[in-house]
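Participant: One structure follows; several queries about it will come next.
The values are calculated or read from the model by the stated rules, or taken from the named source; none is laboratory data. Remember, predicted model here, so these are calculated numbers, not experimental data. Heads up, the Cβs are rebuilt from the backbone with ideal geometry, glycines too, and the neighbour counts pull from every protein chain shown.
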Amino acid sequence: MADNPQALMAVSLGLILCCIIIIVLFIIFVHTMPGKIARKRGNAQAEAIEILSLLGLIIFPLWMAALVWAFVQPFTVPVELVGRDDHRSPEPEPEPALVESDAPATAKGEA
């Protein structure tokens with residue numbers, strides 16, 4: 001092997017390419033995890049989470065946001081409550097008007 005530098009170069013290049021392929025596949029695996037987590041947890045927005053996590057390949061904070069979003073349950077309001085007024089809290093009562101004190105008013109200059 002030491003006698004043939006071209007063979008050594010080919011083996012080295014093959015190892016480097018294998019390492020690069022393994023690293024790229026690991027990065028893709030990690031970046032698709034939020035979408036898989038969201039699907040496993042039954043999140044209705046799993047597709048949007050997966051798209052955001054893949055956009056995290058370009059801008060890393062998007063991947064972190066997708067990971068947090070995968071663990072958060074979406075807040076939904078039942079459709080039957082949207083048109084009704086009885087689910088709202090009662091309006092606060094107006095404050096009573098201020099009452100002036102019963103002390104006699106003195107005009108300026110009077111002592």
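Participant: In the range 47-76, what residues are surrounded by fewer than 12 Cβ atoms within 10 Å (Cβ to Cβ) and within 13 Å of Val30 (Cβ to Cβ)?
Facilitator: Matches in the range 47-76: Phe60 only.
Participant: Okay, moving on. I'm checking my understanding of the structure. Among residues of the range 7-21 that are of a type outside the set (Gly, Ala, Ser) and more than 38 Å from the chain's Cα centre (by Cα), which one is modelled with the lowest pLDDT? It would help to see each step written out before you state the result.
Facilitator: Restricting attention to the range 7-21, the residues satisfying the condition of being of a type outside the set (Gly, Ala, Ser) are 8-9, 11, 13, 15-21.
Restricting the remaining residues to those that are more than 38 Å from the chain's Cα centre (by Cα) gives 8-9, 11, 13, 15.
Working: Leu8: 91, Met9: 94, Val11: 94, Leu13: 96, Leu15: 97.
Looking at the filtered set, the residue picked out is Leu8.
Participant: For Val24, all conditions in the list (1) part of a loop (DSSP other than H, G, I, E, B); (2) at pLDDT 95 or above hold save one; what is the number of the exception?
Facilitator: In the conditions (1) part of a loop (DSSP other than H, G, I, E, B); (2) at pLDDT 95 or above, Val24 misses (1) alone.
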